[in-house]
Amino acid sequence: MLIAVYKTAKKEGMFLYVPKKDDFSAVPEALMSRFGRPQLVMMLPVQKREVLGAVDKQKLIEAMDDPGFYLQMPPKEENWLEVHRAELGLAPISPKS
């Protein structure tokens, strides 16, 4: 099974997987408009891979059948200042009102 993997210029680390190259018919229009113009990254031979990085292989395969696509969200960005403050035993900085 080959899966097409696309990235977006709008959000680093966000990828859209679809079962056929350039076929976004299963992807909701609202998602496509937020994703922007898809840029092909690779054709991924899923069956030949044991590990797929941050993606669960079985969930990816199941998603190709229903709903017909898989959206990989970028990892949560860590706030290094808050981590450092916590390590020092300081209270978090409260957001401005």
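The values are calculated or read from the model by the stated rules, or taken from the named source; none is laboratory data. Because the structure is predicted, anything quoted here is derived from the model rather than measured. When we count neighbours, we look across all protein chains shown, and the Cβ atoms used for this are built from the backbone with ideal geometry, even at glycine.
If I go through the stretch 48-64 residue by residue, how many of them are under 18 Å from P75 (Cα atoms) and in a helix (DSSP H, G or I)?
3
Suppose we filter M64, M73 for residues that are within 30 Å of P95 (Cα to Cα) and in contact (Cβ under 8 Å) with a residue 60 or more places away in the chain; which single one remains?
M73
Every residue in the stretch 36-54 that is within 14 Å of the chain's Cα centre (by Cα), modelled with pLDDT of 85 or more and not hydrophobic (A, V, I, L, M, F, W, C), please.
G36, P38, Q39
Which members of the stretch 60-90 meet the condition of being surrounded by 14 or more Cβ atoms within 10 Å (Cβ to Cβ) and of a type in the set (V, I, T)?
I61
When the residues of the stretch 1-35 are narrowed to those that are at negative phi and of a type in the set (G, A, S), which ends up surrounded by the most Cβ atoms within 10 Å (Cβ to Cβ)?
Applying the filter and picking the extreme gives A4.
For I93, only one of the following conditions fails: (1) aliphatic (A, V, I, L, M); (2) surrounded by 12 or more Cβ atoms within 10 Å (Cβ to Cβ); (3) assigned to a loop (DSSP other than H, G, I, E, B). What is its number?
Among (1) aliphatic (A, V, I, L, M); (2) surrounded by 12 or more Cβ atoms within 10 Å (Cβ to Cβ); (3) assigned to a loop (DSSP other than H, G, I, E, B), the lone unmet condition for I93 is (2).
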